[in-house]
Each structure stands twice: as structure tokens, then as C-alpha cells.
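Worksheet: the structure to be examined is printed underneath.
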Protein chains: 2
Amino acid sequence: MSQPGVTAGRLAKAPENFLAPADIARVFAEGRGGRRDFIRRAFAVATAAGAPAALAATGDPVILQLPVHSKGLGLPVVTDGYGRPSKHEANVQRRLSPGLTQTTQASVSFAPLQSLFGIVTPSGLHFERHHQGWWDVEPSAHRLMINGSDDRIVRRPLVFTMDELMRLPPVSRFHFIECGANSGMEWGNVAVPTVQYTHGMLSCSEFTGVPLNLLLDMAGVDAKRGRFILAEGADGSSMTRTVPMALVDSGEVLVAYGQNGEMLRPENGYPLRLVVPGVQGVSWVKYLRRIEVGDQPYGTKDETLHYVDLMPDGLHRQYTSTQECKSVVTTPSGGQVLLEHGFHNISGLAWSGRGKVKRVDVSVDGGRHWRMARLESPVLSKCLTRFNIDWTWDGKPALVMSRATDETGHVQPSIRQLRAVRGTRSIYHNNAVQTWLVQENGEVSNVQLA
Amino acid sequence: MSQPGVTAGRLAKAPENFLAPADIARVFAEGRGGRRDFIRRAFAVATAAGAPAALAATGDPVILQLPVHSKGLGLPVVTDGYGRPSKHEANVQRRLSPGLTQTTQASVSFAPLQSLFGIVTPSGLHFERHHQGWWDVEPSAHRLMINGSDDRIVRRPLVFTMDELMRLPPVSRFHFIECGANSGMEWGNVAVPTVQYTHGMLSCSEFTGVPLNLLLDMAGVDAKRGRFILAEGADGSSMTRTVPMALVDSGEVLVAYGQNGEMLRPENGYPLRLVVPGVQGVSWVKYLRRIEVGDQPYGTKDETLHYVDLMPDGLHRQYTSTQECKSVVTTPSGGQVLLEHGFHNISGLAWSGRGKVKRVDVSVDGGRHWRMARLESPVLSKCLTRFNIDWTWDGKPALVMSRATDETGHVQPSIRQLRAVRGTRSIYHNNAVQTWLVQENGEVSNVQLA
């Protein structure tokens with residue numbers, strides 16, 4: 001399973017262009033060319049909001065026309081019983097990568113990480129990965145069956161309706177979900193342009209459901225022989241994945257119906273999916289209709305032919321399911337442009353399939369110097385963690401990187417370190433450090449350091 | 001400010017109809033009339049999902065037609081770049097209470113708490129409270145001004161664009177927001193029928209923004225004289241509220257642009273609102289355009305005439321802004337029907353404007369016996385906390401209640417205890433225990449115990 005644990009190295013003295021919080025006010029003021037006379041500018045600009053044409057040509061303070069929203073009667077409540085984002089945010093969408101797949105039903109849409117804050121992914125922007133398209137399944141007709149590979153391994157096979165599942169004791173937990181192929185294009189030196197496409201098969205939600213081990217207890221599983229489960233989806237892709245019983249026994253694996261406070265979205269498996277915290281998304285089987293308990297791994301097509309790692313010696317590694325410690329800077333990131341020198345917050349996401357993120361270090365000089373970022377709370381196990389760090393950009397080219405360490409001590413490797421072990425012919429399980437180049441003109445792009 | 005601290009009383013021995021987790025399998029099986037022959041039923045029902053007409057009349061196991069979603073090609077990715085809930089969930093909406101207000105612009109919509117899981121409120125279901133309607137404000141024209149009530153109290157008044165604010169160091173935090181008038185109808189023995197209307201002016205989000213104290217530092221506030229701020233919104237309602245500087249100094253008060261990972265929704269103040277954790281929603285000024293620093297409370301209309309507490313002696317209490325410790329059972333709740341005897345999970349929400357929820361006790365017999373519920377993690381300060389507790393309903397009438405205790409020791413009072421101090425003529429700040437009556441026919445309704 002393991003990618004090489006690499007050492008974080010000594011944290012060098014912070015270079016000059018990292019900023020202490022106490023200096024922010026000074027740098028910010030410098031970046032705007034000083035603050036003299038701003039009370040005059042202030043009133044002019046504040047009152048001009050929405051009515052810029054009314055600015056006095058002299059620049060003198062004048063009382064200007066208020067914008068329409070400060071004078072009129074707005075829209076009523078329940079204009080939309082289920083609300084939508086602002087029309088000004090219409091560009092914040094999940095997107096597919098044209099040509100990445102042969103059909104748009106067996107395809108991917110990427111979450112716009114560059115536009116997101118905090119750790120929750122809005123369900124409307126959650127990445128999609130379908131193997132035979134998505135469905136809006138009728139929940140009253142949906143069933144979940146629990147059975148064994150033979151009559152003795154599950155003594156009381158059961159079939160649940162959604163109503164029956166939703167009456168059982170639920171738990172609610174925040175977890176990330178990442179496709180095993182996330183960042184897969186980077187193996188081959190294809191510098192995908194934006195973080196939406198490099199890392200956007202990643203989302204994070206509060207999931208609500210019933211621990212699978214409760215259902216298995218109800219079904220009377222033979223604890224000695226029941227060492228693996230097979231999860232099976234109801235869509236036409238015959239999606240079936242093996243999950244070791246040790247994970248189920250931990251109580252972490254959920255048969256989930258809730259996501260971010262409401263029912264799962266149809267694109268994400270409504271009305272029922274498996275939640276396997278820390279494990280790649282393909283195991284979180286959507287439209288979940290059946291759990292079979294067996295005494296050995298099932299070796300299905302999606303764990304023997306797909307989602308495997310082609311190693312330099314020509315052999316495939318299978319069942320490398322845990323998503324290792326990883327992070328990425330989302331601001332600034334590829335495709336963005338820094339319009340001004342001066343203060344810029346650097347923000348990003350870190351996560352580990354092994355537990356909690358312990359620390360994130362950030363470099364702006366291609367890894368020569370590192371400084372520890374601030375982690376936003378809460379820091380939860382197998383969940384995204386948001387990090388932020390202050391930076392003032394001096395206008396010179398910068399190489400921006402983040403490197404996460406999890407509570408097991410695993411340090412996110414460089415792409416060079418990862419290739420030394422894994423070679424270059426993989427698709428899946430790339431958790432390498434991502435580098436963004438900020439050019440002198442402010443344009444940010446994806447680069448790979450040799 | 002304070003509502004009376006009441007004692008929790010001795011926790012009595014659990015009555016028989018509370019269920020230990022180990023008994024769930026037994027009770028569940030009894031509730032469905034036994035589990036014999038279910039493997040036959042199982043295959044019949046599982047394969048019949050979506051094709052019930054094909055059930056064999058004999059009830060014998062037969063291989064039936066698969067549902068269409070198990071055979072066909074589904075919908076492509078990015079069918080909707082910003083996704084929507086399932087069509088089967090169309091009834092889960094925020095709703096207004098007809099006749100509650102004279103116009104629908106100065107009105108309220110309530111969040112459907114009975115349908116929500118966990119602690120995150122989907123932004124599309126976040127409650128609304130507008131004083132003069134909502135607007136989709138153009139963010140590039142929006143400004144935030146920081147000034148003082150005189151020239152010396154703020155030495156460097158500032159005006160920020162949205163771009164400037166979003167470059168500053170942000171924080172992300174989960175907090176509840178509750179309207180001060182939530183549960184207000186209950187003061188007058190008006191038994192509003194559902195939890196959507198009794199408690200639905202309550203939502204919880206991950207907010208992202210800049211701590212206000214950073215902006216005030218940048219503006220050079222006189223720490224001795226600057227003891228209060230006035231927050232002013234840009235909509236036509238002239239919404240202005242005083243916030244004590246002590247709250248701002250704590251770093252908790254945010255100038256927020258992000259909500260649940262994306263930009264604020266227009267109904268919730270896009271592009272900028274104040275976040276004042278633990279304090280009633282009216283202080284979370286939407287479309288925030290100005291912060292003034294002063295040396296005394298401002299006594300605006302919305303803190304002297306509205307959002308005040310009419311006490312039994314005829315005087316008004318003002319500035320009772322903190323939302324005290326409170327909880328409510330959301331399942332089962334008014335308007336729902338229990339269709340079967342047997343196991344039912346009881347679930348609800350607890351919160352406190354003073355900090356973390358420490359415990360929640362649940363009663364099913366009108367407060368004679370209480371038992372401690374399970375709190376879902378994470379338990380965060382000034383944030384909703386989800387609780388769950390097992391229950392098997394024996395078919396007799398039940399009075400279901402929850403009672404929260406926060407980390408300061410404040411115990412949620414009964415409505416009788418609250419009225420003994422506050423009288424019956426209030427509108428705001430009702431944090432009393434809510435009681436739901438489960439009748440023998442399974443119907444659940446809102447009752448007030450004498």
C-alpha cells in the first residue's frame with residue numbers, strides 16, 4: 001500500500017517574503033499606495049457603489065445617489081423554496097475535461113476547488129464520477145439486501161426498505177471523498193492547467209447514515225469467517241468493491257442516506273451509498289443495493305483491472321485503496337492571476353486517509369524554504385483540513401507548494417520521490433506535492449519540478 | 001440577559017421503553033413480525049424494486065425483471081453544473097407561515113428541520129429573514145467602510161472592495177444562526193403545528209471571512225474609547241445593530257463572504273455579512289456596508305423597539321442578544337406520523353450562544369424520567385450539535401422532550417419556569433423545552449404542558 005514516507009527536513013528560517021500577522025496592516029497600506037486622503041475617497045466610493053457614473057469629476061467628496069438596493073423593496077421570502085447561488089457566481093461550476101473520456105456517462109466532473117472556502121463542499125458542486133451515468137432512483141422502491149456468500153456466513157439475511165434504515169440509530173460525520181485517479185494526469189508530465197482539473201475529484205461532506213456493522217450484527221454474521229464484504233450498486237455499471245471487515249468493524253463504514261444535512265444528491269448515489277472513510281471514492285458504492293459477506297476478497301473488475309497501480313517492474317499493485325496524506329494550494333493556483341504586488345493570503349486543503357492532518361508546510365521558493373501554515377478548526381479524522389498562511393508577493397517569480405504531514409507521521413512526497421518508487425506509468429494514487437508557478441506578470445500555472 | 005438557570009434534577013432509572021443498543025436487533029425483528037422466511041421475501045422484494053407488478057402471486061422466489069436503472073445508460077456528468085436535490089425531495093423546502101407578516105418582503109421563511117440530518121444546513125434551505133426584501137448585490141460595486149463616530153476614535157478610516165477583503169487572512173468556522181424570534185409563537189400558547197414553524201428560524205453553516213478585529217486594527221481604533229461597533233446593511237431596511245467591542249476583541253466576529261464552502265447566498269447577505277457567533281440573527285447584518293466604532297451603544301430602532309423583551313412589570317429588556325442554551329427534537333415532531341410500533345430513533349438539535357453543548361437529556365413521558373442522548377461529533381462552540389437516542393414505541397401516548405445543558409452549566413428551562421420569570425407577553429428569546437405528543441394512532445402534535 002505504502003508510498004514512501006519521506007522526511008520533512010529542517011524548517012529553515014522564514015524568508016523575508018513571508019509576513020508576520022502584525023505586519024499585515026503596513027504591507028496592505030503600502031500595496032495600495034498609502035492611505036492619505038482616503039476618508040475623502042472613502043465617502044466618494046462608498047456612496048458611489050452601484051452608481052459609478054455619478055462620481056464628481058473633481059474627486060471632491062459629494063453625496064451621491066444611493067444604489068437601488070438601498071432604496072427599493074427587494075424580493076420576497078421563498079422566491080425559491082430551494083435557493084440558488086447568486087447570478088454573479090454562475091461561473092462557479094463543476095466541469096468536465098473535454099476528451100478525457102469517450103462518453104459523458106462514464107466520465108468525471110471536477111469540483112471548482114479554486115472557488116471554495118473552508119472544508120464543506122456544497123452538494124451542488126460535489127465532483128461526479130459515473131461508470132454508466134446517474135439516475136434519480138425512486139426511494140420507495142429501493143432496497144438494501146444483506147446476505148452471505150453461503151448460508152452459514154450470514155445467518156439471518158435481511159432486506160431493508162429506506163424507511164426501515166432511516167429508523168435505525170444514525171451517526172453523522174464529516175469525511176472527504178477522493179477519486180483514486182485524482183491528480184492522475186500529473187504522472188505523465190501533463191500539466192493540467194487548473195486546480196479544478198488537477199485535484200477536483202475531491203469533495204468533503206457531513207454524511208449521515210447507519211454504521212454497517214450494526215446491520216451486519218442484525219443479520220448475524222459469522223465473525224470468524226466473515227472477513228470481507230462486497231458492496232454492489234444498483235446502476236448498470238455492475239459496480240462492486242471489496243472492503244475488509246476490519247474497516248467495517250471499526251464502525252466507520254456507513255450505509256449513508258444524508259449528505260450535508262439533506263438526502264444524498266442523485267449524482268452521488270441517492271438514496272443510499274456506502275461511505276468508506278479514508279478509502280478512494282470507487283469503494284463508496286452508489287445506489288447501494290446489496291452487501292454480501294464473504295471469507296476472501298472478491299477480485300472484481302474494478303479492483304483487479306481498474307484502480308490498480310502499474311509498478312516499474314511491470315506488476316500491478318491491487319487493493320491500494322487508502323488515500324495517502326496529500327495537500328494542494330487552491331489560492332493562488334493555475335489559471336488565476338495576481339493583479340497586484342503586496343499581501344496575498346495563501347490557502348489550501350490537506351487530507352489523509354489514515355487520520356488527522358498534523359501540519360502543513362508551505363514554500364514559495366520551490367521547496368528551498370518551508371513555513372508552517374495555520375490549520376482552521378475543526379481538524380477531523382479522514383476529513384479535509386483548510387490551511388492558510390500570510391504571504392506578500394514581491395513581484396518576482398514564485399514557486400508555491402504545500403506539503404502535509406498526518407498524525408501517523410506520513411509526509412506528502414515530492415513527485416520525484418514518488419516516481420522513484422512508483423515509476424511514471426500509474427494512473428491512480430498520486431499524492432505528490434503540487435507546484436504552482438507565479439510569473440512576474442501575475443499569471444499562475446502548473447509546473448513540475450525536475 | 002439571563003434566563004433562570006434551572007437544575008437538571010436527578011436522572012431517574014431509564015424506563016423500560018428506552019432501548020439499549022444491544023437490543024435493537026431483537027426489537028427491530030419483533031416490530032416487523034419476525035424474520036422467518038425472509039430470505040425468500042428478500043429475493044422477491046429486492047429484485048422487484050421498480051417492477052412490483054412482476055411479483056409472483058405464489059410469493060415463491062423468482063428472478064424478476066430488473067429496474068430500468070440497473071439495465072440502461074444513465075444521465076451524463078454536468079447535467080447540471082450546479083446540482084439540485086432529487087425530484088423525490090421536492091417537498092423539502094423552506095416555507096413561510098401564511099399571515100404571519102403583512103408583506104412577504106418583511107417576512108420569514110422557515111428551514112425544514114424535520115427533514116434535515118447532522119448539523120450542516122444546506123444553503124438552499126437556510127432560513128430567511130428580510131426586513132425589506134432580498135437583493136442579488138453586484139459584488140464588484142460593493143464596499144465596506146470602517147469609520148469612527150468622531151475623527152479620533154478611528155485614526156485611519158478605510159474602504160474595502162470585496163477583492164481587498166478576500167485577499168486578507170481568513171478563518172473558517174461552523175456556527176449556528178438563530179433569529180431572536182424563533183419559537184416566539186409558543187409564548188402565547190399558540191401550538192404551531194410543526195418543528196419547521198416552531199424552531200425553523202435556525203440554521204448552521206461553515207462561515208469564512210476576515211476577523212473584524214483585524215480590520216479595526218488596520219483602521220487604527222482607539223482601544224480605550226472604541227467600546228461598541230455599529231454594523232450597517234446596504235439594503236433599504238436601514239438595519240443597524242450595536243455589538244460590544246468585547247465580542248469583537250475575542251476574534252469571533254467575522255466579516256464573512258463564505259458560507260458552506262461557497263459565496264454567501266443572496267438571501268443571506270451576498271456578498272458580505274457580519275457573523276456574530278452566539279448572538280441572535282438580527283445582529284448578523286446582511287449586505288454589510290459599514291462598521292462605525294463608537295463609545296456607547298447606538299440605541300437603534302432594531303434594538304430599542306424591536307428584539308426587546310416585555311417583562312411582567314411592563315418594562316422592556318434591551319440588548320438581550322445572546323441565544324441561550326436550547327434544544328428540540330426534530331424526529332419525531334409535529335405533523336409526522338409513526339406508522340409502526342417498535343424501534344424509532346429519536347433525533348434532534350441542541351445549541352448554546354454561550355459555548356459548547358455539554359449534554360442533552362430526552363424524556364418520552366413528559367419529563368418524569370430523563371435519559372442522556374448521544375451527541376454526534378464534532379461538538380463545537382456556538383454551533384448546532386446533533387443528538388440521537390434509541391427508543392422503542394409501545395403504542396401508548398408519549399410526550400417527547402429534550403433538554404440541553406451547556407458548558408457554562410445553563411440548563412434549558414421548561415416553559416413554566418421561563419414564564420415564571422418572563423411572563424407571557426414576550427416575542428423573543430424563548431429557549432424553553434419543546435414537547436411533542438405522540439398519540440396512539442401515531443400522529444405527533446405540538447402540546448404545551450401546564
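The values are calculated or read from the model by the stated rules, or taken from the named source; none is laboratory data. If you're wondering where the values come from, they're calculated on a predicted model, not measured in any experiment. Here Cβ is always computed from backbone atoms with ideal geometry, including for glycine, and neighbour counts include all displayed protein chains. Surface accessibility is based on the protein's heavy atoms, side chains included, excluding ligands, DNA and RNA. Shrake-Rupley method; radii C 1.70, N 1.55, O 1.52, S 1.80 Å.
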Return a yes/no flag: does region A:375-383 have any residue that is over 29 Å from A:V308 (Cβ atoms) and crowded, with 24+ Cβ neighbours inside 10 Å.
no
Count, please, the residues in region B:85-118 that happen to be assigned to a loop (DSSP other than H, G, I, E, B) and more than 7 Å from chain A (Cβ to nearest Cβ).
12
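Restricting to region A:203-215, name every residue that is within 12 Å of another protein chain (Cβ to nearest Cβ) and either touching a Cys at 6+ places or on another chain (Cβ under 6 Å) or open to solvent by less than 10 Å² (accessible area, probe 1.4 Å) (or both). Before the answer, list the steps.
Our first condition is that a residue be within 12 Å of another protein chain (Cβ to nearest Cβ); within region A:203-215, this holds for A:203-211, A:213-215.
Listed by number, the residues that qualify are A:S203, A:C204, A:S205, A:E206, A:F207, A:T208, A:G209, A:V210, A:L215.
How about region B:282-306: which of its residues are touching a residue at least 40 places away in the same chain (Cβ under 8 Å) and open to solvent by 10 Å² or more (accessible area, probe 1.4 Å)? I'd like the intermediate steps shown before the answer.
Restricting attention to region B:282-306, the residues satisfying the condition of being touching a residue at least 40 places away in the same chain (Cβ under 8 Å) are B:282-303.
Answer for region B:282-306, where residues must be touching a residue at least 40 places away in the same chain (Cβ under 8 Å) and open to solvent by 10 Å² or more (accessible area, probe 1.4 Å): B:V282, B:K286, B:R289, B:R290, B:E292, B:D295, B:Q296, B:P297, B:Y298, B:G299, B:T300, B:K301.
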A:G220: in contact (Cβ under 8 Å) with a residue 40 or more places away in the chain and on the phi < 0 side of the Ramachandran plot, yes or no?
no
Do the conditions hold for B:E232, that is, is it of a type in the set (D, E, K, R), in contact with a helix residue (DSSP H, G or I) (Cβ under 7 Å, 6 or more places away or on another chain) and more than 8 Å from chain A (Cβ to nearest Cβ)?
no
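Restricting to region B:163-191, what's the tally of residues that are within 10 Å of chain A (Cβ to nearest Cβ) and in contact (Cβ under 8 Å) with a residue 60 or more places away in the chain? Steps first, please.
Of region B:163-191, the ones within 10 Å of chain A (Cβ to nearest Cβ) are B:163-164, B:166-174.
Adding the requirement that they be in contact (Cβ under 8 Å) with a residue 60 or more places away in the chain leaves B:166, B:170-174.
The number of residues fulfilling the criteria is 6.
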Residues within region A:172-210 that are out of contact with any Asp or Glu (no Cβ under 6 Å at 6 or more places or on another chain) and in a strand (DSSP E or B), tallied
13
Just give me the residues in region A:133-159 being under 31 Å from the mean Cα position of the chain (by Cα) and either part of a loop (DSSP other than H, G, I, E, B) or among the hydrophobic types (A, V, I, L, M, F, W, C) (or both), in sequence order.
A:G133, A:W134, A:W135, A:D136, A:V137, A:E138, A:H142, A:L144, A:M145, A:I146
One residue is enough: does region A:301-317 have a residue meeting the conditions more than 14 Å from chain B (Cβ to nearest Cβ), in contact with a Gly (Cβ under 7 Å, 6 or more places away or on another chain) and among the hydrophobic types (A, V, I, L, M, F, W, C)?
yes
A careful count of residues in region A:347-358 that are within 14 Å of another protein chain (Cβ to nearest Cβ) and surrounded by 22 or more Cβ atoms within 10 Å (Cβ to Cβ) gives 4
Kindly check whether there is at least one residue in region A:251-258 that is touching an Asp or Glu at 6+ places or on another chain (Cβ under 9 Å) and either open to solvent by less than 10 Å² (accessible area, probe 1.4 Å) or at pLDDT 95 or above (or both).
yes
Which of (1) buried (at least 21 other Cβ atoms within 10 Å of the Cβ); (2) within 14 Å of chain A (Cβ to nearest Cβ); (3) among the basic types (K, R) is the odd one out, the single condition B:R422 does not satisfy?
(2)
Residue hits (region A:273-290; among the small types (G, A, S) and either part of a loop (DSSP other than H, G, I, E, B) or within 21 Å of A:P139 (Cα to Cα) (or both)) are A:G278
Taking interchain pairs and intrachain pairs at least six residues apart, which have beta carbon atoms under 8 angstrom, with the first residue in region B:365-387 and within 14 Å of another protein chain (Cβ to nearest Cβ) and acidic (D, E) and the second surrounded by 23 or more Cβ atoms within 10 Å (Cβ to Cβ) and assigned to a loop (DSSP other than H, G, I, E, B)?
B:E376/B:G118; B:E376/B:I119
Looking at B:D361, B:D365, B:D390, which one is farther than 30 Å from B:D302 by Cβ and either among the β-branched types (V, I, T) or open to solvent by 30 Å² or more (accessible area, probe 1.4 Å) (or both)?
B:D365
In region A:419-437, anything among the hydrophobic types (A, V, I, L, M, F, W, C) and more than 16 Å from A:R368 (Cα to Cα) is listed as A:A420, A:V421, A:I427, A:A432
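Have a look at B:T392, B:T385, B:T408 and point out the one that is over 13 Å from B:V362 (Cα atoms), in contact with a helix residue (DSSP H, G or I) (Cβ under 6 Å, 6 or more places away or on another chain) and not small (G, A, S).
Numbers: B:T385 fails: in contact with a helix residue (DSSP H, G or I) (Cβ under 6 Å, 6 or more places away or on another chain); B:T408 fails: in contact with a helix residue (DSSP H, G or I) (Cβ under 6 Å, 6 or more places away or on another chain).
On inspection, the qualifying residue turns out to be B:T392.
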With respect to A:E128, is the statement that it is without any contact (Cβ under 8 Å) to a residue 12 or more places away in the chain and in contact with a helix residue (DSSP H, G or I) (Cβ under 8 Å, 6 or more places away or on another chain) true?
no
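Answer with yes or no whether B:R241 is of a type in the set (K, R), more than 8 Å from every other protein chain (Cβ to nearest Cβ), open to solvent by less than 10 Å² (accessible area, probe 1.4 Å) and not in a helix (DSSP H, G or I). Spell out how you get there, then give the answer.
Details: of a type in the set (K, R): yes; more than 8 Å from every other protein chain (Cβ to nearest Cβ): yes; open to solvent by less than 10 Å² (accessible area, probe 1.4 Å): yes; not in a helix (DSSP H, G or I): yes.
Judged against the criteria, B:R241 is a match.
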